[in-house]
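Working notes for the structure below.
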Amino acid sequence: MTNEQKALITATVPVLKENGVLLTKHFYNRMFTHNPELKNMFNMGNQQSGRQQTALAMAVLAYAENIANPSVLIPVVDRIGQKHVSLDIRPEHYIIVGKHLIASIQEVLGDAATPEIVAAWTVAYNQLAGLMAGHETNLYEQQTHKTNGWTGWRPFKVGKKTPESAEITSFYLYPADGGKVAPHQPGQFISIRLFLPQLNLKQARQYSVSSTPGHEYYRISVKREKGANLDTNGMISNQLHDFINENDVVDLTAPAGNFTLAPDIDAPVTLISGGVGITPLLSMLNSLVENDYTHPITWLHGCRDQSVHAFRNQLNDIVKTKDNVKQHVFYNQVTDENREAGVLEGYLDISKVPSLNLQPNAHYFICGPSAFIQKQYHDLVGAGVNKQHIYFEEFGPQLLSLN
């Protein structure tokens, strides 16, 4: 890009701040009108909620703001790239997206989209697409170089279906070809793709792997969603609960995601989960326990009540048998029996645990709803925890920017 083109991109930042979501809504409507087959690739639930449009608007704005030095966006590029690889997005898809994004800029901005601005954004998009596609090519290569690794969609058979609470059920997924699987990193997710009759579309959703790394199967633990107007995400979860049974076959992609335990982690670990956010952290905890991790491990979990507390007995057993593992549980609704067992009432609040030892340079992993993540993050920072040692996983399109 020339310096003049970079200046033109920078000059559009105020417009993107004001009209970014309008632009991305127009873009998605345009793309799905001209390329309806892509509805099978994009999560239509996130389209319906507006989360995907907002996430794209934030990404475009961040790129424009850092056009002089895009390398600062590498962490964001990796996070998005992990999602793209999990959805089997390939370089040819960037060509389609680019065509509709540039056309949308012209159509939304009208006369303000001068030939010079359009030319600058065309160069900028191609630069970004090259950066993303190049990074994703490396991620695909890493997948294939893993033991038992693969890329793209692969058929898996449901070997076992086990209730874990009143709302959450685990699915044990084995390769339909009888082969092995690549061990995941604790905290990673897989994508599962189902046909939804309600939409007449194939739709994909990511679920954290709740089992420890192994070569035989992946386990996902899925929450049943309630409500009359479920989006696609809820439809997929309920389709699994209601219509997918043992021996049924579903499509999966290989594990992806960078919300993981570092292999050389050597410090106290605190795991903070809300509701079904327990799933990636359970894989982390069990992996630490299986590897005889000697540093203190603290687990904090919050949910509505005992009936929806998944893996409760398993976690209690770990705490009883491992001296270095401590647990603090919060229920919105507690019974006398819960109180006797030490359960705290209300939403998870670290200030209500007087024995909690928050070491500034320990490692903290948070997973749960967005509001839950924000509260725990800010409470930890307020307690003196190093921001660089706080990691979080937001289900769905990344909208939180806390670090």
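Taking amide H positions as modeled 1.01 Å from N, with prolines and chain starts lacking one, the residues under 5 Å from residue 391 and 5 or more places away or on another chain are 364, 365, 366. Going by a ≥ b ≥ c, the root eigenvalues of the Cα gyration tensor, does region 45-87 fall in the rounded group (a/c under 1.5), the prolate group (a/b larger than b/c) or the oblate group? Cα axes put region 45-87 in the oblate bin.
Counting other Cβ atoms within 10 Å as a rough exposure proxy, the listed residues 100, 309, 135, 145 run 145, 135, 100, 309 from fewest neighbours to most. Stokes-Einstein diffusion of region 141-284 at 4 °C, 1.567 mPa s viscosity, Kirkwood radius from Cα pairs, rounded to a whole number: 82 µm²/s. For the chain, the relative contact order comes to 15 percent (Cα pairs under 8 Å, sequence separation of at least 6). Listing 125, 218 from fewest to most neighbouring C-beta atoms within 10 Å gives 125, 218.
Taking the helices alone, the chain has a mean residue ellipticity at 222 nm of -13500 deg cm²/dmol, built from -39,500 (n - 2.57) per DSSP H run of at least 4 residues and averaged over all its residues. Remark: the residue 114-residue 195 segment gains 24.9 nm on full extension, using 0.36 nm per residue and subtracting the alpha carbon distance.
Counting only pairs 8 or more places apart or on different chains, how many lysine pairs in region 154-252 have C-alpha atoms closer than 25 Å? Summing the qualifying lysine pairs gives 13. Length gained on full extension, residue 258 to residue 41, computed as 0.36 nm times the residue gap minus the Cα-Cα distance: 76.0 nm. With contacts taken as Cα pairs under 8 Å and at least 6 residues apart, region 1-96 reaches a relative contact order of 38 percent. Close amide-amide hydrogen proximity is noted between residue 166 and 308, 309, each under 5 Å apart and 5 or more residues distant or on a separate chain (H modeled in the peptide plane; Pro and chain starts excluded). Simple rule: put +1 on each Lys or Arg Cβ and -1 on each Asp or Glu Cβ in the chain, find the dipole, and look at 122, 182, 250; the Cα lying farthest toward the positive end is 250. So I have [x] 68, 44, 43; [y] 146, 43, 41; [z] 70, 50, 44, and one of them is Cα extents along the principal axes in Å calculated from this model. Which one is it? Comparing each candidate, only [z] matches the computed number. All distinct Cα pairs of region 3-145 go into the 1/r average, and the inverse of that average, the Kirkwood radius, is 15.7 Å. Loop-located chymotrypsin sites (Phe, Trp or Tyr not before Pro) in region 296-403 (DSSP state other than H, G, I, E, B) with a sparse environment of at most 16 neighbouring Cβ atoms within 10 Å: 347.
Every number in this text was worked out from the coordinates using simple rules, so none of it is lab data. Computed from a predicted structure; not experimentally measured. All Cβ positions, even for glycine, are placed from backbone atoms using ideal geometry, and neighbour counts span all protein chains on display.
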